[in-house]
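Reviewing the structure listed below.
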C-alpha cells in the first residue's frame, strides 16, 4: 500500500458545512474535485487532477479497509466509511465518505465520493478500530463485544439473577436454580430473536451498505444492531450525496 510521507500529529478540522467532492476514473485517478476538496487536501488543483486518489491516503489507514472498499465499489455497490487522510503538509483530517460507482452501458467507469466531517466519537472509535487492525487484531476486543452483549440483555439478566437469589432464599436451591436457568434460556432466545430481526431489516435494504466492521466505527453498538443502524445511515448519506452533487453541478454551470 502507498505510504505517503511525511506525517505530523496535527489534525486539520474543516467546517462541518463543507462537502468534499471528488471523482475518479475506474483506476482511481482523480478526474474532478471541488474547491472544498482542494482546500482541505492542501494541494493545488493541477497537482490533483490525473493523479491517483491514494496520494491523500494516510499511512495509519489499514490496507484491509481499502481492500474491502475496492471490492465493494468495483462490484457496483456503494460504500461508506470513515477515512483518515493526509494533507500535503503531513497534517491529517478525518472524513466520513460515501462512494458511488459511475456506470456507462452497465459497466463501472468511475467513482464519485462525497465526504462530510464525522462526529468526535465516530473518529475515536475508528481510530481505535484501525489501530487494532494494523496490529493484526479484530476491530473490537472480546471484552468490548461481551460487554455490549451483556448490556443488551441486562433487562432480562439482572431481574432474573435477583429473582433466582430471592427464590433460593425463600424456597431453596431447586427453585433458585430453575429461575436462573429459565432466565439464561430466555436471554439466549431473546438474543437470537433480536439478531434475526436485525438481519431481516438489513436484507430489506439490499442496495444499502452494512459491513459490520465499518458499522462498529460509526455506532457504539456491535454486530447486527450496528449493521441495521449503518443501513439507515447509508440511505441518509445516499440522499445527502444526491443533493450535494446536484448543488455542485449547478454551481459549476453558473461559474
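The values are calculated or read from the model by the stated rules, or taken from the named source; none is laboratory data. Predicted model only: the values in this text are computed from it and were never measured. Here Cβ is always computed from backbone atoms with ideal geometry, including for glycine, and neighbour counts include all displayed protein chains.
On the basis of being surrounded by fewer than 19 Cβ atoms within 10 Å (Cβ to Cβ), within 21 Å of the chain's Cα centre (by Cα) and not in a strand (DSSP E or B), does residue 64 make the cut?
On the way: surrounded by fewer than 19 Cβ atoms within 10 Å (Cβ to Cβ): yes; within 21 Å of the chain's Cα centre (by Cα): yes; not in a strand (DSSP E or B): yes.
Yes.
Can you go through 95, 108 and tell me which one is at pLDDT 95 or above and either crowded, with 19+ Cβ neighbours inside 10 Å or not in a strand (DSSP E or B) (or both)?
Working: 108 fails: either crowded, with 19+ Cβ neighbours inside 10 Å or not in a strand (DSSP E or B) (or both).
95 is the lone residue from the list that is at pLDDT 95 or above and either crowded, with 19+ Cβ neighbours inside 10 Å or not in a strand (DSSP E or B) (or both).
Evaluate segment 34-55: report whether one residue or more is assigned to a strand (DSSP E or B), closer than 19 Å to residue 117 by Cα and in the same structural domain as residue 119 (by TED's automatic domain parsing).
Within segment 34-55 (the criterion being assigned to a strand (DSSP E or B), closer than 19 Å to residue 117 by Cα and in the same structural domain as residue 119 (by TED's automatic domain parsing)), the answer is no, since none of the residues qualifies.
Which residue is surrounded by the fewest Cβ atoms within 10 Å (Cβ to Cβ), if the candidates are limited to segment 213-228 and must be modelled with pLDDT of 90 or more and assigned to a helix (DSSP H, G or I)? Filtering first and then ranking leaves 213.
Looking at (1) out of contact with any strand residue (DSSP E or B) (no Cβ under 6 Å at 6 or more places or on another chain); (2) without any contact (Cβ under 8 Å) to a residue 40 or more places away in the chain; (3) under 20 Å from residue 209 (Cα atoms), which is the only condition residue 83 fails? Against the list (1) out of contact with any strand residue (DSSP E or B) (no Cβ under 6 Å at 6 or more places or on another chain); (2) without any contact (Cβ under 8 Å) to a residue 40 or more places away in the chain; (3) under 20 Å from residue 209 (Cα atoms), residue 83 comes up short only on (1).
Confirm whether residue 85 is within 14 Å of residue 28 (Cα to Cα) and at pLDDT 95 or above. For residue 85, the condition - within 14 Å of residue 28 (Cα to Cα) and at pLDDT 95 or above - is not met.
Screening residue 208 against (1) touching a helix residue (DSSP H, G or I) at 6+ places or on another chain (Cβ under 9 Å); (2) modelled with pLDDT of 85 or more leaves a single unmet condition, (2).
Going by what's in this entry, would residue 13 be described as out of contact with any helix residue (DSSP H, G or I) (no Cβ under 7 Å at 6 or more places or on another chain), buried (at least 17 other Cβ atoms within 10 Å of the Cβ) and outside any strand (DSSP E or B)?
Details: out of contact with any helix residue (DSSP H, G or I) (no Cβ under 7 Å at 6 or more places or on another chain): yes; buried (at least 17 other Cβ atoms within 10 Å of the Cβ): no; outside any strand (DSSP E or B): yes.
No: the conditions fail for residue 13.
Condition check: outside the structural domain of residue 113 (by TED's automatic domain parsing) and in contact (Cβ under 8 Å) with a residue 12 or more places away in the chain. Does residue 6 satisfy that? Show your work before the answer.
Numbers: outside the structural domain of residue 113 (by TED's automatic domain parsing): yes; in contact (Cβ under 8 Å) with a residue 12 or more places away in the chain: yes.
It is true that residue 6 is outside the structural domain of residue 113 (by TED's automatic domain parsing) and in contact (Cβ under 8 Å) with a residue 12 or more places away in the chain.
Total residues in segment 116-133 satisfying the condition of being out of contact with any helix residue (DSSP H, G or I) (no Cβ under 8 Å at 6 or more places or on another chain), touching a residue at least 12 places away in the same chain (Cβ under 8 Å) and surrounded by 14 or more Cβ atoms within 10 Å (Cβ to Cβ): the figure is 3.
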